Amino acid sequence: MSERSDELRRQRDLLRENLAWIEKEIEREDGLSQPAPEMAAPPRLNTRAPVDDRDVEAILGEYRTSSHAIASSTKAGCIAYFAIATALLLLGVAGVYFYYKSARGH
């Protein structure tokens, strides 16, 4: 058997356990039976296959950046936000100036 078919069979068995727990909970809510103490919580379904630590490091390595690159992009972002805020402030002041100037008839 292949590894995939083994995993699918394991998942099928877990789903059957979960369905059995749901049936027992329904019966308990309807008052047909008392809950078994070992079935207090539903079985945990694990839908993910085990991950090798080497795979995790490879995935994380794709997204790692140096601290120098982070610092320089942060600095550039701050400068851009400052420039945009300054331009908006100047446009607002100019708008107010021209509005009052035209309202007074000059």
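Rounded to 0.05, the FRET efficiency of the Tyr97 and Ala76 pair, given R0 = 41 Å and the Cβ-Cβ distance, is 0.85. Between Ile84 and His68, the simple spin-label model (points 7 angstrom out along Cα→Cβ) gives 2.8 nm. For Val56 and Arg104, the difference between the fully extended length at 0.36 nm per residue and the C-alpha to C-alpha distance is 10.4 nm.
None of the figures in this text is laboratory data; all of them are computed from the coordinates on show. Small disclaimer: the values here were computed from a predicted structure and weren't measured. As a convention, Cβ positions derive from the backbone with ideal geometry for all residues, glycine included, and neighbour counts pool all protein chains shown.
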